[in-house]
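Here's the structure, in structure tokens; my notes come after.
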Amino acid sequence: MRKKIALIGGGNIGGTLAYIAASKEIGDIVILDRSKEYAAGKALDIEESLPVMKKDINITGTDDYSDIKDSDLVIITAGVARKPGMSRDDLLSVNAGVIKIVAEGVKKYAPNAFVIVITNPLDAIVYAFLKYSGFSRKKVIGMAGVLDSARFNLFLARELNVSTQDVTSFVLGGHGDTMVPLIRYTNIGGVPLLDLIKQGRITSNKVQEIVERTKSGGAEIVKLLKNGSAFYAPATSAIRMAMSYLNNSRQLFPCSVYLEGEYGLNDICMGVPTFIGANGVEDIVQITFNQEEQAIFDKSAKAVGDLVTAMQKVLN
Ligand code: APR
């Protein structure tokens, strides 16, 4: 039987998720949005492409949580984007309200689903979903590090004039200005980036510029699009994570997960290397930091901690 995938939020990312999932035929899809007609319109548009793509899945749009009954996978993008004049805390409390409704609906109708959260502010929303739903921490992750790493890999590949497929890196920490790109763990087809710097193929300064560009990767797209934020790369990243769960591939991704002592942190959600398989979060990998990396990670943990504290106030 085909898997059932519920997409909560049928906006730019939700619609793109639906389109990619349909084109890969990974399951039947329900798009749930607060606007039923909007969700139905997206679903019908994608459905009409099925005969051309030669794919067989069912896709529907709804505003009724009972339609997501027994979904295997839920991907959440519902929420509002930050508008001019809105502070980060305003966004946090508005989207906390949205995630409360979403968590209650998912808990009631899809209690065994694996959940991938995309709504921002990411780490705080993952935290809120866990608290509102009471789900096991193995079943809830946030998508940020895969996207941040993809941006870092792309910029490096373009600079080095090598295949985008050959650059491997991971970006840990919070999804925001304090993300932690790990240069020491970055390689090109297995060759450490640090060796390429030593050989003069790329300068440390250039790498640092790329780190900064990665940190503001989301803002760069917003500036260009003007009316909205990135959606192709975020959706592609989340589908990659979803496939590892659905196919039990046990791929290692930087995911925002709830930490219980890992990395010396407790009661916080933050991006760390995580194996994703049929059980959801299969394992969290502890990597060793040097002094400088530890300092950047600690700074990120502090920023995420502040967000989570703000979220705890909303939850109480
Ligand atoms: N229930 C269901 N859907 C909702 C709700 C709700 N309570 N509130 C908002 N939505 C829907 C909106 O109707 C809209 O269709 O969520 C959708 C959000 O889509 P977009 O505004 O297009 O935003 P998108 O670009 O998809 O980003 C979604 O992901 O990366 C984050 O910062 C981004 O938080 C944002 C989220």
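Taking the stretch 69-81 as the search range and keeping residues that are among the β-branched types (Val, Ile, Thr) and within 11 Å of the ligand (Cβ to nearest atom), which one is surrounded by the fewest Cβ atoms within 10 Å (Cβ to Cβ)?
VAL80
Look at (1) assigned to a loop (DSSP other than H, G, I, E, B); (2) among the small types (Gly, Ala, Ser); (3) surrounded by 13 or more Cβ atoms within 10 Å (Cβ to Cβ) and you find that GLY85 fails only one, number (3). Going through the stretch 1-10 one residue at a time, which ones are crowded, with 24+ Cβ neighbours inside 10 Å and within 13 Å of the ligand (Cβ to nearest atom)? Within the stretch 1-10, ALA6, LEU7, ILE8, GLY10 qualify. For the stretch 128-144, filtering for residues that are over 16 Å from SER216 (Cβ atoms) and within 16 Å of the chain's Cα centre (by Cα) leaves 10.
Annotation note: of ILE57, ILE13, ILE46, the sole residue that is more than 9 Å from the ligand (Cβ to nearest atom) and outside any loop (DSSP other than H, G, I, E, B) is ILE46. Taking every residue in the stretch 153-166 that is in the same structural domain as VAL207 (by the TED database) and pairing it with any residue that is buried (at least 17 other Cβ atoms within 10 Å of the Cβ) and among the small types (Gly, Ala, Ser), at least 6 positions away or on another chain, the pairs with Cβ-Cβ distances below 6 Å are ASN153/SER169. Among the residues making up the stretch 231-256, those that are without any contact (Cβ under 8 Å) to a residue 60 or more places away in the chain and either on the phi > 0 side of the Ramachandran plot or within 16 Å of the ligand (Cβ to nearest atom) (or both) are ASN248, ARG250. From the list ALA40, ALA18, the one residue that fits, being assigned by the TED database to the domain that holds ALA110, free of Cβ contacts under 8 Å to residues at least 24 places away in the same chain and touching a strand residue (DSSP E or B) at 6+ places or on another chain (Cβ under 8 Å), is ALA40. Looking at ARG137, ARG88, just one residue is at pLDDT below 95 and outside the structural domain of VAL207 (by the TED database), and that residue is ARG88. Inside the stretch 98-147, can you point out the residues that are in a helix (DSSP H, G or I) and in contact with a His (Cβ under 7 Å, 6 or more places away or on another chain)? Hits for the stretch 98-147 are LEU122, ASP123. Among the residues making up the stretch 198-215, those that are in a helix (DSSP H, G or I) and under 21 Å from ASP148 (Cβ atoms) are SER204, ASN205, LYS206, VAL207, GLN208, GLU209, ILE210, VAL211, GLU212, ARG213, THR214, LYS215.
Yes/no per residue for (1) over 30 Å from ILE75 (Cα atoms); (2) surrounded by 14 or more Cβ atoms within 10 Å (Cβ to Cβ):
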| site | (1), (2) |
| --- | --- |
| ASP123 | no, yes |
| LEU194 | yes, yes |
| GLY200 | yes, no |
| GLY217 | no, yes |
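Annotation for the stretch 101-120: at least one member residue is assigned by the TED database to the domain that holds GLY41, loosely packed, with under 15 Cβ neighbours inside 10 Å and within 12 Å of the ligand (Cβ to nearest atom). Inspect all residues belonging to the stretch 23-37 and state whether any of them is within 29 Å of ALA303 (Cβ to Cβ), near the ligand (Cβ under 10 Å from one of its atoms), touching a helix residue (DSSP H, G or I) at 6+ places or on another chain (Cβ under 7 Å) and outside any helix (DSSP H, G or I). Taking every residue of the stretch 23-37 in turn, none turns out to be within 29 Å of ALA303 (Cβ to Cβ), near the ligand (Cβ under 10 Å from one of its atoms), touching a helix residue (DSSP H, G or I) at 6+ places or on another chain (Cβ under 7 Å) and outside any helix (DSSP H, G or I).
The values are calculated or read from the model by the stated rules, or taken from the named source; none is laboratory data. Model, not experiment: these values are computed from the prediction. Note that we place each Cβ from the backbone using ideal geometry, even for glycine, and neighbour counts take in every protein chain shown.
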